Each structure stands twice: as C-alpha cells, then as structure tokens.
Amino acid sequence: MTLTDDSDPGGHRIEYHSYLDTVRADITRLGAMTTETISRGTAALLDRDLHAAQLIIDNDDELDSLSLQIEDDCFKILALQSPMASELRFIVCSIRLVTELERSADLVVNICKASRRLFDVEIDPKLRGLIEDMGLEAATLTRKAIDAYIDSDEALASALDDIDDRLDDLQVDFVEAIFAKHHVDGLELRAAVQLALIGRYYERIGDHAVNMGERVAFMVSGWMPEHTGAARFEQRGRKTSPANDG
C-alpha cells in the first residue's frame, strides 16, 4: 500500500476508503491463513506427520511478514490520513487483531513442535478425540472473530466469550484424561507434560479469539468491558480523595 498525505483534500482523500478496504481484506486473509493453520496443525499432530508439522513451522514466516505489512499500513494511515471516530477505532482494532492472530499462529507452531516430541507416543483414542474437538473449536472461534470483524457484528463479537466456554471445558476434560492415563495406564510423564501443554495452547487460541471479539465490539460501539472497571476505579478514587473528606 502506497500512501500519500491528505494535504489535497480534493484528491488524495478520495483514495482514503480504498486504504481501509485494503486493510480489511488483508486482515481477512491473515485470519483465513491462521484458521487454516490451526486445522492443519491439528491434523499434523494426530497423523504424526512430521513433514506437515515442519511446513507449518517454516510457513509461519509468511504470516509474520503479512502481520508486519498490515501493521505498517495501519500506522501510515494513522500518520497521513487523520482518521476520525469510527474509522480510528477500525484502524486500532485492526492493529490489535493482527497481534492476536499472529500469536494464535505462534501457538500452532508450538503445537507442531510438541508433536515432534510426541512422535513415538501412541495417543489414546479418547485423547485423540479431545484434541480433534479442541482444534475444531479453536478454528471455529477464530473464524467467527474474523466474521464479526468483516460484518461489524457486535452481537457475534460479544458472544465469543460464551462460545469459548466449550473450548475451556474441553481443555479441562483433556487435562483430566491425561492424568487418568498417566496414573492408570502409565503414560510417560514426558508425554503427559507435552500433551498438557498442547491443551493449554488450544485454550489460549480461544482466548485470543475472545480478545478479538472484544476489540470488534469496541470498534462498533466504542465500549470495552474494561471501561466498566475503569469507571468503578475512578469512582472509588473520587470517594476516597482528600477533597471529599468532611
């Protein structure tokens, strides 16, 4: 994206919305790449496919490159186009979504690295089923977060926190199943630790999707959940300030 300043409001400013559309399209592409990476990472783990796992690790550079490009474009828009109100929230939201998506992709890389350490471990069918479910939920949450961003859907964005409860429950079930397998069937501690970390990685991907939902809700409405807590803190400060002492 090549940006010029808006010193000529009758000329350069006409291109302004095309810049925003480019950012939206690039975020959509990054989200699709991340969602696909989650699914491919889960398949590589369950199939014990070291080649597929290594490809995901190597291809993370492509996601990092796109993430940096989007951030750079957003900063140029902020510096040269002076976005106002809802457009400013869109740019800030986009920057935050880049960070959340990039971290989700990094977590999939961690899953792939753990899968290499588990190459000689036969994963119990119950654990395999839970991994498959966690991977599906993580990919679904990420996709829904991007859908909410594309459609400016505040209701869907706000619902992601509740939708994430299923992934949280699956992760708890997964850890319990690991411990049961370790104590009853003698699953190696090394393998148990790696599996537990994998469950945590999926759970964190869900958290990143929830964070994206909160940012999208802010983009649409201008309100964040933290605003309520900040208001309470400010109110308590006013009540306890020396000026209020009688």
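Of all residues in region 148-184, count the ones that are closer than 21 Å to I198 by Cβ and among the acidic types (D, E).
Residues that pass the stated criteria total 6.
Mind telling me which of the residues D162, D147 ends up being modelled with pLDDT of 95 or more, of a type outside the set (S, T, N, Q) and loosely packed, with under 12 Cβ neighbours inside 10 Å? Even if it seems obvious, please write down each step before you answer.
Values: D147 fails: loosely packed, with under 12 Cβ neighbours inside 10 Å.
Just a single option satisfies the conditions, and that option is D162.
Can you tell me how many residues in region 4-52 are farther than 23 Å from A148 by Cβ, surrounded by 17 or more Cβ atoms within 10 Å (Cβ to Cβ) and at pLDDT below 95?
Matching residues across region 4-52 total 1.
Can you tell me which condition E203 does not meet? The list is (1) of a type in the set (D, E); (2) over 22 Å from the mean Cα position of the chain (by Cα); (3) crowded, with 21+ Cβ neighbours inside 10 Å, and all the others hold.
(2)
Considering only residues that are part of a loop (DSSP other than H, G, I, E, B) and among the β-branched types (V, I, T), look in region 92-124 and name the one that is surrounded by the most Cβ atoms within 10 Å (Cβ to Cβ). Don't jump to the end; show me each part of the working.
As a first pass, look at region 92-124 and keep what is part of a loop (DSSP other than H, G, I, E, B): 118-124.
Going one step further and asking which of them are among the β-branched types (V, I, T), we end up with 121, 123.
Details: V121: 17, I123: 19.
For region 92-124, the residue satisfying everything is I123.
Of the residues E154, E137, which single one is within 28 Å of L20 (Cβ to Cβ) and at pLDDT 95 or above?
Working: E137 fails: within 28 Å of L20 (Cβ to Cβ).
Matching residue, one of E154, E137: E154.
The values are calculated or read from the model by the stated rules, or taken from the named source; none is laboratory data. For clarity, every value in this text was computed on a predicted model and none was experimentally measured. All Cβ positions, glycine included, derive from the backbone under ideal geometry; neighbour counts span all protein chains shown.
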